[in-house]
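In what follows, a single structure is set out as structure tokens and then discussed.
Laboratory data are not the source of any read-out in this text; all were calculated from the coordinates shown. Everything quoted here is computed from the prediction, not taken from an experiment. With ideal geometry, Cβ positions are generated from the backbone for all residues, glycine too; neighbour counts draw on all protein chains shown.
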Amino acid sequence: MKNLSKYFSFRELTFSKIAEDHGIDNAPTPDILEKLKYTASQLDKVRELLGKPVNISSGYRCLQVNRRLGSKDTSQHLKGEAVDFKCELFGNPKQVFDAIKKSNIQFDQLILEFNSWVHISFVKEGGRRECLIIDRFGVERVK
Ligand SMILES: [Zn+2]
């Protein structure tokens, strides 16, 4: 048992190389921490679906970190609702994206980004189950 959920630790969901490199405090507020716990509990379902370790590259981002990454101020990463990850022992990002899309996991958004990683977000009210593929040509909504 890790400290946020069965499979995920606080560090995995809050670590930011950019924050570390620039001395930015990327600690979540108590409200955001509650959301991170929910996000981690939902990610447990993804971990169990894939059956292999999930490697998170970006979870919570404070505004400063998010802006440095060139992400929009409306990003769900700011709210502790979104995570970017890979699961290389399961397959490439497209295979991971397809497996989650086919599952009954109640995500809010599932995005295959630049064929390089998968972004997934969760909201307590249930999710829209919106699936998008983003590449250098733009955004495509998929079913
Ligand atoms: Zn993301």
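Within the option set Thr29, Thr14, Thr74, being of a type in the set (Val, Ile, Thr) and buried (at least 21 other Cβ atoms within 10 Å of the Cβ) holds for one residue only, Thr14.
Only residues that are touching a strand residue (DSSP E or B) at 6+ places or on another chain (Cβ under 9 Å) and surrounded by 17 or more Cβ atoms within 10 Å (Cβ to Cβ) were counted across segment 37-60, and they come to 10. Confirm whether Phe90 is in contact (Cβ under 8 Å) with a residue 40 or more places away in the chain, under 16 Å from the mean Cα position of the chain (by Cα) and part of a loop (DSSP other than H, G, I, E, B). It is false that Phe90 is in contact (Cβ under 8 Å) with a residue 40 or more places away in the chain, under 16 Å from the mean Cα position of the chain (by Cα) and part of a loop (DSSP other than H, G, I, E, B). Going by what's in this entry, would Gln64 be described as more than 14 Å from the ligand (Cβ to nearest atom) and either of a type in the set (A, V, I, L, M, F, W, C) or closer than 17 Å to Ala27 by Cα (or both)? Here the answer is yes, as Gln64 does meet what is asked. When residues in segment 75-108 are screened for being within 12 Å of the ligand (Cβ to nearest atom) and among the polar types (S, T, N, Q), 2 of them pass. Looking only at residues in segment 109-125 that are within 12 Å of the ligand (Cβ to nearest atom) and not in a strand (DSSP E or B), the one that is farthest from the chain's Cα centre (by Cα) is Phe114.
For Arg128, the conditions (1) part of a loop (DSSP other than H, G, I, E, B); (2) surrounded by 15 or more Cβ atoms within 10 Å (Cβ to Cβ) are fulfilled apart from (2).
Out of all the residues in segment 5-26, which are part of a loop (DSSP other than H, G, I, E, B), over 16 Å from Ala82 (Cβ atoms) and in contact (Cβ under 8 Å) with a residue 24 or more places away in the chain? Lys6, Tyr7, Ile24, Asp25, listed by residue number.
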